[in-house]
Amino acid sequence: MRYFDFTCCRGLQAGTVQSILSSFQSSLEELNLSFCEDAVFNIDTAMLPKQQKLWKFAAAFITHVFLVMQPRMTQLLEFLKLMPNLRHLNLAHCFRSASTWLLSKLPRYCPRISYLDISGSLSGNIQSLAFGPLKELQSLEMLEINKLDENFRDYRGLVGSVLSECPKLSALSLRGASCLCDADVCCIISQLKCLASLDLMYCPQLDGSFVLQCADLPSPPNLKINLQYTGLTREHFPSIPPSLELNFG
């Protein structure tokens, strides 16, 4: 058995997950625990070294398992650091207070991550410096930071100091970034040379001027930008550069 999907299994018990990992320890490659509300994720760390083959782990919306108590966050780290080949990590809406602490550990224990989703997991007075460890993830190709805290405004710092150091980053999702402005988008487009997909859905501050601002700047070829639910329509853009593909829904 290579793949187990427990999506939406409310009240999932630790013994169930542990039994699965124990029974299929030699072949399990993917484990999905997304949306398992009230789940108890308590894996015996003694068996973790046997999970080297597990490369895709998703735990979106597990809210009361890893974060409410620090020992659970520590246990998650123990789980991750014994999977150096992990490539796909989904921790959307999993935690709040300890999020920056976990980010600082990821490059050391999971250096091969190519997809990372930390949407809705950062709150408080977050600064671009908190994302610094991401630039050490040299294999990172897709990053989702949807619903970033509404007080965050330093997107240019995030791009210039951190994301521009990720040489393979081709897809970035910033859905629901309430303070993202057109100048920020222009910075993203001009500095992320490999970007092929930019998701700006539900970003209300955009007026579309980034298209004109970027007309004379170097930008990735064939960049797809999702502008659904931003209030922008095709009528806002008399002309669109051939290098941009805008989706209005």
Zone reached by a paramagnetic label modelled 7 Å from H88 Cα along Cα→Cβ, restricted to region 190-220 with backbone N below 19 Å, covers 197
Whole-Hz Karplus couplings 3J(HN,Hα) for region 156-168, θ = phi - 60° and coefficients 6.51, -1.76, 1.60, Gly and Pro as x, run 5, x, 4, 6, x, 9, 10, 5, 5, 8, 9, x, 9
Plugging the Cβ-Cβ distance of E165 and N222 into 1/(1 + (r/R0)^6) at R0 = 30 Å yields, to the nearest 0.05, a FRET efficiency of 0.85
PRE zone check, label point 7 Å out along Cα-to-Cβ of L212, amide N under 14 Å, scope region 225-249, hits 236-241
Packing-ranked peptide list from 219-225, 175-181, highest mean Cβ count within 10 angstrom first, is 175-181, 219-225
Quick calc, Q205 & E245: beta-carbon distance into FRET formula, R0 25 Å, rounding 0.05, result 0.70
Protection proxy (average C-beta count within 10 Å per residue), highest first, orders 240-248, 159-167, 112-120 as 112-120, 159-167, 240-248
Semi-axes (Å, rounded, descending) of the ellipsoid equivalent to region 173-249 per its C-alpha gyration tensor are 17, 14, 12
Put E235, E144 in order of accessible area, largest first, probe 1.4 Å, and you get E235, E144
Pairs over 25 Å Cα to Cα, from K105/K193; K105/K224; K105/K168; K135/K193, come to K105/K193; K105/K224
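The values are calculated or read from the model by the stated rules, or taken from the named source; none is laboratory data. None of the values given here were measured: they were computed from a predicted structure. Ideal geometry is used to build each Cβ from the backbone, glycine not excepted, and the neighbour counts take in all protein chains shown. Accessible surface areas use protein heavy atoms only, side chains included; no ligands, DNA or RNA. Shrake-Rupley method; radii C 1.70, N 1.55, O 1.52, S 1.80 Å.
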